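Below: the structure, in structure tokens.
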Amino acid sequence: MVESHTIDMTACNEEAYRTSNEVPLVASRSLQGFPEPTVYTGTGEESYLYFHIDPKHTNYVNRILEGYEYVGVMTTVDTAGRCMLRCTPDTRELAIDILSSLPIVTLVC
């Protein structure tokens, strides 16, 4: 015996099966937890940090910055030890604090 609310799968009517099991879509409650992003009109380059290190310390400084996930991405500018850190306006102050705490780093204003 087939109950009235079940579908005879021998007919295999996909549309009938889909519409009989539809549940109204509701927005996720978790989306309400995210704040609206701030409007940013800059190019992003104004938050980059430039600094100088001895080239033998490049890997060391890069590993420290990688340990602070999502602070920025370090790039060497030249072989003389000039480097830059691509960071965002939100992470710039933290990046300055990290680099300032390292005696082998000289920040360039």
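Residue selection: Val108 satisfies the criterion of being in contact (Cβ under 8 Å) with a residue 40 or more places away in the chain, closer than 16 Å to Tyr48 by Cβ and more than 21 Å from the chain's Cα centre (by Cα). Picking from residues in the range 60-88 that are among the β-branched types (Val, Ile, Thr) and touching a residue at least 40 places away in the same chain (Cβ under 8 Å), the one that is surrounded by the most Cβ atoms within 10 Å (Cβ to Cβ) is Val61.
Results for (1) assigned to a helix (DSSP H, G or I); (2) at pLDDT 75 or above; (3) loosely packed, with under 11 Cβ neighbours inside 10 Å; (4) among the polar types (S, T, N, Q), shown as yes or no for each residue.
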site: Val2; (1), (2), (3), (4): no, no, yes, no
site: Leu25; (1), (2), (3), (4): no, no, yes, no
site: Glu36; (1), (2), (3), (4): no, no, yes, no
site: Thr43; (1), (2), (3), (4): no, yes, yes, yes
site: Thr58; (1), (2), (3), (4): yes, yes, no, yes
site: Asp90; (1), (2), (3), (4): no, yes, no, no
site: Leu99; (1), (2), (3), (4): yes, yes, no, no
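If you go through the range 41-83 and keep only what is more than 13 Å from Leu107 (Cα to Cα), over 23 Å from the mean Cα position of the chain (by Cα) and of a type in the set (D, E, K, R), you end up with Lys56, Asp78.
The values are calculated or read from the model by the stated rules, or taken from the named source; none is laboratory data. All values derive from a computational prediction rather than experimental measurement. Every residue, glycine among them, receives a Cβ derived from its backbone with ideal geometry; neighbour counts consider all protein chains shown.
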